[in-house]
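The values are calculated or read from the model by the stated rules, or taken from the named source; none is laboratory data. Please read these numbers as outputs of a predicted model, since none were measured by experiment. Counting neighbours? That spans all protein chains shown, and the Cβs are built from the backbone with ideal geometry, glycine included. Accessible surface areas use protein heavy atoms only, side chains included; no ligands, DNA or RNA. Shrake-Rupley method; radii C 1.70, N 1.55, O 1.52, S 1.80 Å.
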Amino acid sequence: MAEEVKLYGTWVSPFSRSVELALKLKGIPYEYIEEDLHNKSPDLIKCNPIHQKVPVLVHNGKPIVESLVIIEYIDETWKNNPILPQDPYQRAMARFWAKFIEEKILPLAMKATNSEEEKEKVGVEIFQLMKILEGELNEKDFFGSENIGYLDIVAAIIAVWFRVTQEFLGVKIVSEEKFPVLF
Amino acid sequence: MADEVILLDFWPSMYGMRLRIALAEKGVKYENKEQDLRNKSPLLLQMNPIHKKVPVLVHNGKPVLESSIIVQYIDEVWKDKTPLLPSDPYERAQARFWVDFIDKKLYEAGRKIWTTTGEAQEEGKKEFIEVIKTLEGQMGDKPYFGGEAFGFVDLSLIPFYSWFHAFETFAKFSVAAECLNFSAWAKRCMEKESVAKSLPDEKKVLVFLTEYRKSLGIE
């Protein structure tokens, strides 16, 4: 039975990149369709009529949306190289931190700010949130302890995203000196 | 080895209600510790230092946060009884999507209704009805969101029902008049003991919100 896996995404979206990372970790072959968010394809709108956003994973014709939901789906469908921990408590923790990153840190990082004052304010907020994350990471190599897992996927995207936004914002919020553990 | 389960809760919290229902469905014995949110207890601050919010489930001393995450945790730990999530990965993804949709859209629309007046409140009311209609469409002919059995999406949505009376009073409308199937579903859920025991009296919620509005200077 041939599996058909398609991913609608954009290169610039950290949510899209997280899903791609999950697919690659599992070694799942997929077709990638780059979307122009100013000119959404009819396919995308058909697959995600409610939010009309990327990423959307289509597995054998069935669409799945919301990056964290997609990553869990991938983990449950392709059982090799588990992304989420097995223990229920660890899973709850991983889900909590992923949500924290996605709902608190990423939207801040993605805010297109204009004034210098605003940029600084956003910078301070992000700094505080990152400090919390760093506290959580502590001495472990990865968020899930030994192997690359769920959180690392979500967090790795932050690193990429920050490099982009920092140039855009002209602010150096996240750097190796300030966050040695995260880096 | 006895399990120690504590729920840090606040009686009108819709998110807390989800957990009361889930724990009741699973037959889990727990201690409910009602929190005063204007005067947060050291226990709450210790268990949820980041968000300082309820509900929090404390299982054998370890805190679990965020209601939808806690429900999944409950489902995975007490897995031998009454599954709350479907077993098929695609159905699970659908359930998670709809709970996320409810969290993002319904709560916000409801908030507009009880924290504003005039045009902003009208807007909130319109959004609220639209969200309910979308959910209604999704349910179709099935008795519950998950199909034949009451599940994750149902228990995540039904708590809002205890706040409907308040919303309807503030914004002068009737959900039952606008969404017949939804009302039928709600009544079905309320017939379940786990739900009826976990939701507060809607009149009590109205009194609570009315006082809260006054204290915020609304109206």
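Some observations on this one:
- Area accessible to solvent at A:Y8, 1.4 Å probe radius, in Å²: 10
- Distance (nanometres) between label positions extended 7 Å along Cα→Cβ at A:N81 and B:A184: 4.8
- Accessible area ranking (1.4 Å probe, heavy atoms, ligands and nucleic acids excluded), largest first, for B:R92, B:R18: B:R92, B:R18.
- Nearest-10 value in Å² for the accessible area of B:F101, using the 1.4 Å probe: 10
- The 1.4 Å probe gives accessible areas that order B:C189, A:C47, largest first, as A:C47, B:C189.
- Accessible area, probe 1.4 Å, largest first, for residues A:Y89, B:Y73: A:Y89, B:Y73
- P(r) tail fraction, chain B - alpha-carbon pairs more than 23 Å apart, %: 48
- 28 Å Cα-Cα reach of A:K6 towards lysines, excluding residues that sit fewer than 8 places from it in its own chain: A:K24, A:K26, A:K40, A:K46, A:K53, A:K62, A:K79, A:K99, B:K104, B:K105
- Solvent-accessible area of B:F164 with every protein chain in place, 1.4 Å probe, in Å² to the nearest 10: 10
- Where labels lie 7 Å past Cα in the beta-carbon direction, separation of A:E103 and A:D43 in nm: 3.2
- A Förster distance of 22 Å, applied to the separation of the beta-carbon atoms of B:E4 and B:H51, puts the FRET efficiency at 0.45.
- GluC sites (Glu not before Pro) within the stretch B:1-100, DSSP loop, no more than 13 other Cβ atoms inside 10 Å: B:E4
- Rough spin-label spacing in nm, given labels placed 7 Å along Cα→Cβ, for B:S41 and B:T134: 3.7
- Cβ charges +1 (Lys, Arg) and -1 (Asp, Glu), total dipole of chain B, debye: 460
- Within the stretch B:155-196, GluC sites (Glu not before Pro) in DSSP loop having at most 13 other beta-carbon neighbours inside 10 Å: B:E191
- Legend: mean number of C-beta atoms from other chains within 10 angstrom of residue C-beta atoms, peptide B:89-99, equals 6.
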